[in-house]
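Notes follow the structure.
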Amino acid sequence: QNNSRAASVMDVAATFRAWKDVPFAWSVLITSLGLCLFLVEWNQGHPEQLLMLDALPVSLLGVPVGFLLVFRSNNAYDTWYSGLVKVHAVLSCTKNMCRLASVWMANLGETGLRVQRWTAAFLLAFRFSLRPNDHLCREALQELFPDREEVEKMMKLHRMHRIYYCISRIEGLVKNEAGKGKVSGQLLADVQTELAKMMEVVEGCELIYKNPIPGSYLVHLRRILYIYMGLLPFSLYKYIPPLAVLPVHLLLCFAVVGIEVNAAEIQEPFGDHPSDIPLDSLCIITLSDFIVMGSGYATPGDSSGKGYVK
């Protein structure tokens, strides 16, 4: 019971943090508050000139607002869920690659271990491509590779090029062994299939990362929402007591604008907000799984990537 109560408090706190990060939401609330106070004060002081609107035009305006909010919310959740699916696909591909290296390349000695290391490097490069931090990336790679020149060579590359470099190194190692006759054609085909999947999913994540919702759509939605919430108290005054206009309107404003706030919170799933995908913990768990599959070099570390090498 205490845990559920604490979780509820954390959810409420996360909601207020989300509103703090969206100036639009607070501007709507403050404007609505001012309009409600002005409306009540004016109508009480000028009973012969009441400021009211018929409900029909405001209701008609609510139709496009509803459609825009539904589309916005669905698009944001689809983006978040698509990002989650792609991240899990990347983790699954790296586990498969580690399995192939630790089981089917065990007789290759150092080459099998190098394939496993480059698979771990791919996972780190993927993590730091979505949450860029060159300092932590360098520390993580230095824990993974004793050769500092290799690390510096990777760090000079663009964040996405580091991923492609890791893939090319894995494929080059396996092809070299296949040329010596130590790797079967079927194993080489399986490795190339996994690498192709990794490349495809990473590019899908990059597409989500670099292409947020179009600004023109967002501006249009927020303008219409601003106008709608500004006109709403003038239509409410006709149907509810004057003192109830302010609390009712603020409640409706919180409900309607909250949809836009939630959509803004999840539309970029690779950030570090509480509602975003827990990329750090997922990568750490995957690196820990490498140990279980017999990689023998990775140890669970913190989110910075340190401690991945025994």
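Computed from the coordinates by the stated procedures, all read-outs in this text should not be read as laboratory data. None of these values were measured; they are calculated from a predicted model. Don't worry about glycine lacking a Cβ; one is built from the backbone with ideal geometry, like all the others, and counts go over all protein chains shown.
What the phi angles of the range 136-145 give under the Karplus curve with 6.51, -1.76 and 1.60, with θ = phi - 60°, is a coupling list of 5, 4, 5, 4, 5, 5, 5, 5, 8, 10 Hz, glycine and proline written as x. 3J(HN,Hα) along the range 95-107: 5, 5, 5, 5, 5, 4, 6, 7, 9, 8, 10, 4, 7 Hz, from the Karplus curve 6.51 cos²θ - 1.76 cosθ + 1.60 with θ = phi - 60°, whole Hz, x for Gly and Pro. Label sites at SER288 and VAL70, each approximated as a point 7 angstrom past Cα along Cα to Cβ, lie 4.3 nm apart. For the range 177-185, backbone phi angles converted through the Karplus equation (6.51, -1.76, 1.60; θ = phi - 60°) give residue-by-residue couplings of 6, 5, x, 8, x, 8, 10, 6, x Hz, Gly and Pro being listed as x.
For the pair HIS220 and ARG148, a Förster radius of 45 Å applied to the C-beta separation gives a FRET efficiency near 0.30, rounded to the nearest 0.05.
Between LEU56 and GLU200, full extension at 0.36 nm per residue minus the direct alpha carbon distance yields a gain of 46.8 nm. Amide H contacts for MET293 (H built 1.01 Å from N in the peptide plane; partners 5 or more residues away or on another chain; cut-off under 5 Å): none found. Listed cross-link partners LYS175/LYS197; LYS156/LYS210; LYS153/LYS175; LYS153/LYS197 are compared with a 27 Å cut-off, the Cα-Cα value being larger for no pair.
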